[in-house]
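Enquirer: First the structure, then my questions, so here it is.
Any read-out appearing in this document is the output of simple, stated calculations on the displayed coordinates, not a laboratory observation. On a predicted model such as this, the values are computed, not experimentally measured, just so you know. Heads up, the Cβs are rebuilt from the backbone with ideal geometry, glycines too, and the neighbour counts pull from every protein chain shown.
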Amino acid sequence: MIDGRQRKNVKIGLFVEIIQKPHQRSGELTEGVIAKILTKAQNHPYGIKVQLESGLVGRIKNIIE
């Protein structure tokens, strides 16, 4: 599985599962296509923050191939 904590693995247009801030405790994942990469750092321990085409924002948990 591709590591969603490394910015080099994240590209606009990838289909991913993210976890939104309000769902961190429940672990509820949301699927979508990346529209914008919000994290500037090269890596992040909890996942790179992205905005999906639907407008939702969250940290990547899984990159779906």
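Enquirer: Can you pull out the residues in segment 1-31 that are of a type in the set (D, E, K, R), under 10 Å from I63 (Cβ atoms) and assigned to a strand (DSSP E or B)?
Expert: E17 - this is the single residue of segment 1-31 that is of a type in the set (D, E, K, R), under 10 Å from I63 (Cβ atoms) and assigned to a strand (DSSP E or B).
Enquirer: Could I ask something else about it? Restrict the check to segment 19-42 and report whether at least one residue is surrounded by fewer than 14 Cβ atoms within 10 Å (Cβ to Cβ) and in contact (Cβ under 8 Å) with a residue 40 or more places away in the chain.
Expert: no
Enquirer: I've got another one for you. Look at segment 34-55 and say how many of its residues are among the hydrophobic types (A, V, I, L, M, F, W, C) and under 9 Å from the mean Cα position of the chain (by Cα).
Expert: Start the filter on segment 34-55 by keeping residues that are among the hydrophobic types (A, V, I, L, M, F, W, C), which leaves 34-35, 37-38, 41, 48, 50, 52.
Filter once more, keeping what is under 9 Å from the mean Cα position of the chain (by Cα): 34, 37, 48, 50, 52.
Residues flagged as among the hydrophobic types (A, V, I, L, M, F, W, C) and under 9 Å from the mean Cα position of the chain (by Cα) within segment 34-55 amount to 5.
Enquirer: May I ask you to list pairs of residues, at least six apart or on different chains, whose Cβ atoms are under 7 Å apart, with the first in segment 1-14 being on the phi < 0 side of the Ramachandran plot and the second being in a helix (DSSP H, G or I)?
Expert: I2/N9; D3/N9
Enquirer: Which of (1) touching a helix residue (DSSP H, G or I) at 6+ places or on another chain (Cβ under 6 Å); (2) of a type outside the set (S, T, N, Q); (3) farther than 13 Å from G4 by Cβ is the odd one out, the single condition I48 does not satisfy?
Expert: I48 satisfies every listed condition except (3).
Enquirer: Please count how many residues of segment 32-50 are among the charged types (D, E, K, R), in contact with a strand residue (DSSP E or B) (Cβ under 6 Å, 6 or more places away or on another chain) and part of a loop (DSSP other than H, G, I, E, B).
Expert: We begin by selecting, within segment 32-50, every residue among the charged types (D, E, K, R); these are 36, 40, 49.
When the remaining residues are screened for being in contact with a strand residue (DSSP E or B) (Cβ under 6 Å, 6 or more places away or on another chain), the result is 36, 49.
After this cut, where a residue has to be part of a loop (DSSP other than H, G, I, E, B) as well, the list is none.
Residues meeting the conditions: 0.
Enquirer: Which ones in segment 51-65 are part of a loop (DSSP other than H, G, I, E, B) and either of a type in the set (A, V, I, L, M, F, W, C) or touching a helix residue (DSSP H, G or I) at 6+ places or on another chain (Cβ under 8 Å) (or both)? Spell out how you get there, then give the answer.
Expert: Residues of segment 51-65 part of a loop (DSSP other than H, G, I, E, B): 53-56, 65.
L56, the sole residue that qualifies.
Enquirer: Filter segment 1-16 for residues that are surrounded by fewer than 16 Cβ atoms within 10 Å (Cβ to Cβ) and of a type outside the set (K, R); which is farthest from G55 (Cα to Cα)?
Expert: The extreme case among them is M1.
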